[in-house]
Amino acid sequence: MAKVYAIVNAKGGVAKTTSTINIGYALYKLGKKVLLIDLDAQANLTSTVGVKTNELLNISDALIDGCKITDIVHNVSGVDLVNSGRTLIEREHTISNSVTGAVKLKSLLKKIKDGYDYVLIDCPPSLGIYTVSALVACNSVYIPMVAEPYAWDGLSRLLETISIIKDEEINPSIELGGLFFTNNSKNAQTILGKTIIMEAKKQLGDKVLKTTIRTNVSLNESIAVKKNIYDYAPESNGAKDYMRLTKEIINN
Ligand SMILES: Nc1ncnc2c1ncn2[C@@H]1O[C@H](COP(=O)(O)OP(=O)(O)O)[C@@H](O)[C@H]1O
Ligand SMILES: [Mg+2]
């Protein structure tokens with residue numbers, strides 16, 4: 001049975017998309033069948049994986065029954081992707097107010113997830129309907145975090161939302177898989193950075209993963225040239241760190 005992981009943080013720029021693509025391709029390197037789902041209207045994951053979004057159907061069409069989920073699965077270099085697109089924004093209200101609302105993604109996934117070992121969902125930088133849909137559909141939540149000012153803003157609300165979804169039995173088996181620090185080299189050396197990391201360990205104990213992702217220019221460049229790190233710079237620290245993180249996650 002596929003494990004479904006939501007990559008969530010209400011803050012933007014914390015490497016949600018970078019982590020989704022590179023954990024995804026690390027899993028593929030480990031011989032796993034992987035599906036990536038882009039739930040962010042900015043479609044960074046979609047374009048980085050190499051799917052052009054302009055005139056395509058996207059996940060919002062499937063969420064309003066305008067197409068089948070299988071119509072928007074693209075195989076790119078061994079990994080499957082369900083693409084996103086701009087219409088996610090304008091349809092947010094319609095989807096929020098429909099009877100199936102935040103449960104629709106889960107029911108769409110049910111139709112295809114048995115074909116995979118892992119499904120990774122890249123969430124938008126908010127706690128709106130799409131992120132909640134991912135929390136309803138997933139087994140575990142992974143939170144990338146940068147040890148910089150305001151890193152904790154929004155995190156308590158996210159943890160609270162996960163608790164509500166669990167306690168109200170909307171998704172009773174949801175669990176926090178872990179939090180990991182990304183883009184870490186510079187920030188982790190500052191007093192503020194160290195304080196944030198200490199605070200995370202105090203509050204979340206061993207849910208703070210041992211692997212941190214170092215700041216790595218190849219990771220930054222790989223996104224710019226629309227490649228995963230294993231195709232762009234397989235010997236880079238970024239490739240090594242994401243492989244270590246992926247192994248830690250699957251052995252969790
Ligand atoms: N470890 C890293 N080292 C260097 N740059 C990184 C690293 N992780 C992410 N980035 C860069 O940070 C920016 C934001 O990352 P992104 O994955 O788009 O964040 P999010 O999806 O959370 O908004 C991107 O330009 C990305 O290339
Ligand atoms: Mg993103």
Yes/no for Leu81 being buried (at least 20 other Cβ atoms within 10 Å of the Cβ), touching a residue at least 24 places away in the same chain (Cβ under 8 Å) and out of contact with any Phe, Trp or Tyr (no Cβ under 9 Å at 6 or more places or on another chain) | yes
In the stretch 34-55, which residue that is within 10 Å of ligand 2 (Cβ to nearest atom) and of a type outside the set (A, V, I, L, M) is most open to solvent (accessible area, probe 1.4 Å)?
-> Gln42
Select from the stretch 1-33 the residues that are near ligand 2 (Cβ under 10 Å from one of its atoms) and in contact with a strand residue (DSSP E or B) (Cβ under 9 Å, 6 or more places away or on another chain) and list them in ascending order.
-> Ile7, Asn9, Val14, Ala15, Lys16, Thr17, Thr18, Ser19, Thr20, Ile21
Mind checking which residues of the stretch 103-145 are open to solvent by 10 Å² or more (accessible area, probe 1.4 Å) and outside any helix (DSSP H, G or I)?
-> Tyr116, Asp117, Tyr118, Pro124, Pro125, Ser126, Leu127, Gly128, Asn139
Which members of the stretch 201-247 meet the condition of being in a loop (DSSP other than H, G, I, E, B) and either of a type in the set (A, V, I, L, M) or touching a Phe, Trp or Tyr at 6+ places or on another chain (Cβ under 7 Å) (or both)?
-> Leu209, Thr211, Thr212, Ile213, Val225, Asn228, Ala233
Which one of these does Ile69 not meet: (1) at pLDDT 95 or above; (2) farther than 12 Å from Gly85 by Cβ; (3) within 13 Å of ligand 1 (Cβ to nearest atom)?
-> (3)
Name the residue, out of Asn171, Asn251, that is buried (at least 18 other Cβ atoms within 10 Å of the Cβ) and under 27 Å from Leu135 (Cα atoms).
-> Asn171
Any idea which of Asn58, Asn9 is at pLDDT 95 or above and out of contact with any Ser or Thr (no Cβ under 9 Å at 6 or more places or on another chain)?
-> Asn9
Select from the stretch 174-200 the residues that are in a strand (DSSP E or B) and open to solvent by 20 Å² or more (accessible area, probe 1.4 Å) and list them in ascending order.
-> Glu175, Leu176
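The values are calculated or read from the model by the stated rules, or taken from the named source; none is laboratory data. The structure presented is a predicted model; accordingly, all values stated were derived computationally and were not measured. Ideal geometry is used to build each Cβ from the backbone, glycine not excepted, and the neighbour counts take in all protein chains shown. Heavy atoms of the whole protein, side chains included, go into the accessibility calculation; ligands, DNA and RNA do not. Shrake-Rupley method; radii C 1.70, N 1.55, O 1.52, S 1.80 Å.
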